[in-house]
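S.K.: Structure incoming, see below.
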Amino acid sequence: MLADVARHKPASIVCLGDFVGYGASPNECIDRLRPMIEHAVVGNHDLAAIGKLRLTYFNSNAAAAALWTETALTPANRAYLEALPYSVRWRDTLLVHASPAEPENWHYVLSPVEARAEMDAYEESVCFIGHSHYPGVFDRYDERVRYTRTPEIRIERGHRYLVNVASVGQPRDGDPRAGYLLYDDMERVLRHVRLEYDLAGAMKRIIDAGLPRFLAERLQWGE
């Protein structure tokens, strides 16, 4: 995926959190991303992996992965996760892992009704979120909110947007491919990108690490 990102020669790269969580390569992920990204926000799985979030909020598989990750992280990568903010203003947009209204409470934004309330919490015309691993765009205009999963969206003046970006690993929309988003702030275009990746290799690493087998199997189902 990083090779595909580089092909577009972006002016900057940002990350919406959950560097770690379910996979078996937490240090490798952080080590590769840190030199590349301009900004990042913290995810709930990042905090769980450094003992900053109660595991009672997670199911048993996610909790087991968080405990394993905590033992695997290097001191430098643990310190990096500890220093990440909950939200960042970037290029006239807002970055947050879960929801802009209460970024520390890890709410999911899955419906137009939920999106309408969240859109009252920020002044920017565009807010990027992750958390649900379900890519799509909420578009608000004249108090009406519509939702679309169209791969490419043109940002219109007078509209406000809440953009849920796909995940790189463990998508939950039935599409097992990894995903990221291209944002052209000059042309004012958003484009969701999905890519094949070494799914079998990722599954094997999870199993070999002794993590719950379900975390490997779900990758191939896209859920």
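S.K.: Do the conditions hold for ILE13, that is, is it under 22 Å from VAL126 (Cβ atoms), loosely packed, with under 15 Cβ neighbours inside 10 Å and either among the small types (Gly, Ala, Ser) or at pLDDT 95 or above (or both)?
M.R.: On the way: under 22 Å from VAL126 (Cβ atoms): yes; loosely packed, with under 15 Cβ neighbours inside 10 Å: no; either among the small types (Gly, Ala, Ser) or at pLDDT 95 or above (or both): yes.
Judged against the criteria, ILE13 is not a match.
S.K.: I need a count of the residues in region 94-106 that are surrounded by 15 or more Cβ atoms within 10 Å (Cβ to Cβ), out of contact with any Phe, Trp or Tyr (no Cβ under 6 Å at 6 or more places or on another chain) and more than 14 Å from LEU53 (Cβ to Cβ).
M.R.: Residues that pass the stated criteria total 3.
S.K.: Something else about it: Among the residues of region 37-57, write down those that are of a type in the set (A, V, I, L, M, F, W, C) and either surrounded by 14 or more Cβ atoms within 10 Å (Cβ to Cβ) or touching a His at 6+ places or on another chain (Cβ under 7 Å) (or both).
M.R.: We begin by selecting, within region 37-57, every residue of a type in the set (A, V, I, L, M, F, W, C); these are 37, 40-42, 47-50, 53, 55.
Listed by number, the residues that qualify are ALA40, VAL41, VAL42, LEU47, ALA48, ALA49, ILE50, LEU53, LEU55.
S.K.: Residue check: is GLY21 of a type outside the set (A, V, I, L, M), modelled with pLDDT under 95, under 26 Å from ARG191 (Cβ atoms) and in a loop (DSSP other than H, G, I, E, B)? It would help to see each step written out before you state the result.
M.R.: Values: of a type outside the set (A, V, I, L, M): yes; modelled with pLDDT under 95: yes; under 26 Å from ARG191 (Cβ atoms): yes; in a loop (DSSP other than H, G, I, E, B): yes.
When the stated conditions are applied, GLY21 passes them.
S.K.: Quick check, is LEU81 over 20 Å from ILE155 (Cα atoms), among the hydrophobic types (A, V, I, L, M, F, W, C) and surrounded by 20 or more Cβ atoms within 10 Å (Cβ to Cβ)?
M.R.: On the way: over 20 Å from ILE155 (Cα atoms): yes; among the hydrophobic types (A, V, I, L, M, F, W, C): yes; surrounded by 20 or more Cβ atoms within 10 Å (Cβ to Cβ): yes.
Yes: the conditions hold for LEU81.
S.K.: Scan ARG205, ARG213, ARG218, ARG194 and give me the residue that is in contact with an Asp or Glu (Cβ under 9 Å, 6 or more places away or on another chain) and of a type in the set (D, E, K, R). Full working, then the answer.
M.R.: Working: ARG205 fails: in contact with an Asp or Glu (Cβ under 9 Å, 6 or more places away or on another chain); ARG213 fails: in contact with an Asp or Glu (Cβ under 9 Å, 6 or more places away or on another chain); ARG218 fails: in contact with an Asp or Glu (Cβ under 9 Å, 6 or more places away or on another chain).
None of the others qualify; the one that does is ARG194.
S.K.: Specify which of the listed residues (LEU67, LEU110) is out of contact with any strand residue (DSSP E or B) (no Cβ under 7 Å at 6 or more places or on another chain) and assigned to a helix (DSSP H, G or I). Reasoning before the result, please.
M.R.: Details: LEU110 fails: assigned to a helix (DSSP H, G or I).
So the residue among LEU67, LEU110 that is out of contact with any strand residue (DSSP E or B) (no Cβ under 7 Å at 6 or more places or on another chain) and assigned to a helix (DSSP H, G or I) is LEU67.
S.K.: Residue by residue through region 49-66, note down the ones that are among the aliphatic types (A, V, I, L, M) and more than 12 Å from PRO26 (Cβ to Cβ).
M.R.: Selection gives LEU53, LEU55, ALA62, ALA63, ALA64.
S.K.: Select from region 127-142 the residues that are without any contact (Cβ under 8 Å) to a residue 40 or more places away in the chain and out of contact with any helix residue (DSSP H, G or I) (no Cβ under 8 Å at 6 or more places or on another chain) and write down the one among them that is farthest from ASP92 (Cα to Cα). Quick ask: steps written out before the conclusion?
M.R.: Going residue by residue through region 127-142, those that are without any contact (Cβ under 8 Å) to a residue 40 or more places away in the chain are 127, 134, 136, 138-142.
Pick out the ones that are also out of contact with any helix residue (DSSP H, G or I) (no Cβ under 8 Å at 6 or more places or on another chain) and you get 134, 136, 139, 141-142.
Numbers: TYR134: 23, GLY136: 20, ASP139: 17, TYR141: 18, ASP142: 21 Å.
Once the filter is applied, the top-ranked residue is TYR134.
S.K.: Kindly provide the set of residues from region 167-223 that are of a type in the set (D, E, K, R), assigned to a strand (DSSP E or B) and in contact (Cβ under 8 Å) with a residue 24 or more places away in the chain, ordered by number. Spell out the reasoning first.
M.R.: Taking region 167-223 as the starting set, the residues that turn out to be of a type in the set (D, E, K, R) are 172-173, 175, 177, 184-185, 187-188, 191, 194, 196, 198, 204-205, 208, 213, 217-218, 223.
Those still in the list that are assigned to a strand (DSSP E or B) too: 184, 191, 194.
Within region 167-223, ARG191, ARG194 qualify.
To keep it simple, each residue is scored yes or no on (1) without any contact (Cβ under 8 Å) to a residue 24 or more places away in the chain; (2) in a loop (DSSP other than H, G, I, E, B); (3) in contact with a helix residue (DSSP H, G or I) (Cβ under 9 Å, 6 or more places away or on another chain); (4) closer than 24 Å to LEU219 by Cβ.
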| site | (1), (2), (3), (4) |
| --- | --- |
| ALA63 | yes, no, yes, yes |
| LEU84 | no, yes, yes, no |
| VAL88 | no, no, no, no |
| ALA98 | no, yes, yes, yes |
| ALA117 | yes, no, no, no |
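S.K.: Pairs, please: C-beta under 6 Å, at least 6 apart or cross-chain, first residue within 15 Å of VAL5 (Cα to Cα) and in region 31-49, second buried (at least 22 other Cβ atoms within 10 Å of the Cβ)?
M.R.: From region 31-49, the pairs are ILE37/CYS15.
The values are calculated or read from the model by the stated rules, or taken from the named source; none is laboratory data. Since the model is a prediction, treat every value here as computed from it, not as a measurement. Methodologically, a virtual Cβ is constructed for each residue, glycine included, from the backbone with ideal geometry; neighbour enumeration extends over all protein chains shown.
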